Amino acid sequence: MERNKDVDVKSLTMDELKHEMEKIGEKAFRAKQLYEWMHVKLARSYDEMTNIPKNLRERLVRDYPYTALEEVTVQVSKTDGTRKYLFALPDGNYVESVWMQYHHGNSVCISSQVGCRMGCRFCASTIGGLERNLTASEMLDQIYAITKSTGERVSNVVVMGTGEPLDNYDNLLRFIHMVTDENGLNISQRNVTVSTCGIVENMRRLADEKLQITLALSLHGATQEKRRELMPIAEKYDIREVIAACRYYFEQTGRRVTFEYSLVGGVNDTDADAENLCRLIGGLNCHVNLIPVNPVQERDYTASEHRDVIGFKNKLERKHINATVRREMGRDIDGACGQLRRRMAEKIDS
């Protein structure tokens, strides 16, 4: 009998799932039941799927591995209630996710890779390099597991955790279509944000999809030289190419682009940096998120002084560039990407 161990059932679209059920001699409506259990009722195993016949459930258990991340630990911020999760994957790897409460709803920040190969100087995610890409189901299940844990609906999704989403393009695109599918969680595309450090060809591919998601560029430097100092990706892509791709994204989608700018004390927070940033993005329909950089044990960068952050923001606004200072969430619980996973790796190695 044909085995299907290579089929990731939780990463299949409704149509693909119908085809898979028909292949094994089941009626198409079984796919609808199965899809609802996975993506609406958020079942953690086949055993929970009570309206699916026992013999089919037994076959699913035998032939179709089921993605359900195991919660290893959760840290809860005493200051703002932010919850940081560490999940175990079946292959022994770990990923992090963060649940945040805002006045406009609950937001989850998910990881798209185990580790990262982009090498940004101030980021803990990239220490140790890239292990592997996450599947669409592993990205989805971060949201599902957190929804089950908190008992609250997630209304906003940010793909800004560990990893470079556009370095995992195909799985990311499948994830976006599934998390916004009306047969699943049905989260609005406008409530999905994808971050990138600037893989230009995939930014343009994403623009051509004409989705209504928000694209957030991790900029962090306003000149090629400054960006190269902080982000090795700048060795491959000139800053002008990256900004041109942002303009293209707006032209194709009509969606305002977000620029993420981590302020590092004495490195990229000067008056000259602010002036260069204004020249670089002036005239583009955009928003700038100013982020006092999270301290990372393995790096020697520190956050800018509060007065420098406010001064930087004021300079942008005087040039009619929308800017906000990101509210610091979960700093008391290893809030920066990659820190919790890094602690676990150190524990295993010691």
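The table below gives the values:
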read-out: Rg to Rh quotient for segment 164-321, alpha carbon positions, Kirkwood Rh; value: 0.99
read-out: Cα-based shape type of segment 9-63, given that a ≥ b ≥ c are square roots of the gyration tensor eigenvalues and the cut on a/c is 1.5; value: oblate
read-out: Segment 9-63 - charge dipole about Cα centre, Lys and Arg +1 at Cβ, Asp and Glu -1, debye rounded to 20; value: 120
read-out: The chain - percent relative contact order, Cα under 8 Å, separation 6 or more; value: 15
read-out: Amide H contacts under 5 Å for residue 303, placed H, 5+ residues apart; value: 265
read-out: Length gained when the stretch residue 78-residue 252 is fully extended (0.36 nm per residue, less Cα-Cα span); value: 58.4 nm
read-out: Excluding exposed DSSP-loop GluC sites (Glu not before Pro) (at most 11 other C-beta within 10 Å), longest clean stretch of the chain; value: 3-181
read-out: Debye, to nearest 20: dipole size of the chain, +1 on Lys, Arg Cβ, -1 on Asp, Glu Cβ; value: 620
read-out: Segment 67-224: C-alpha gyration tensor shape, a/c 1.5 cut-off, then a/b vs b/c; value: rounded
read-out: Charge dipole (the chain, unit charges on Cβ, about Cα centre) - positive-most of 103, 277, 11; value: 103
read-out: Cross-link reach list, lysines versus residue 32, counting only Cα pairs under 30 Å and skipping chain neighbours closer than eight places; value: 5, 10, 18, 23, 41, 54, 148, 210
read-out: Segment 132-200: C-alpha gyration tensor shape, a/c 1.5 cut-off, then a/b vs b/c; value: prolate
read-out: Calculated from backbone phi, Karplus (6.51, -1.76, 1.60) coupling profile of segment 32-43 in Hz, x at Gly/Pro; value: 5, 4, 5, 4, 5, 4, 6, 10, 10, 7, 6, 4
read-out: Counting DSSP beta bridges with both ends in segment 70-349, the antiparallel % (nearest 5); value: 45
read-out: Loop-located trypsin sites (Lys or Arg not before Pro) in segment 154-239 whose Cβ has at most 12 other Cβ within 10 Å (DSSP); value: 210, 236
read-out: Over segment 70-349, equivalent-ellipsoid semi-axes from the Cα gyration tensor in Å; value: 28, 22, 18
read-out: Value of relative contact order over segment 62-154, rounded to a whole percent, pairs C-alpha under 8 Å and six or more apart; value: 22
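A short reminder: the numbers here are calculations on the coordinates, not readings from a lab. Keep in mind that what you see is a predicted model, and the values were worked out from it rather than measured. Here Cβ is always computed from backbone atoms with ideal geometry, including for glycine, and neighbour counts include all displayed protein chains.
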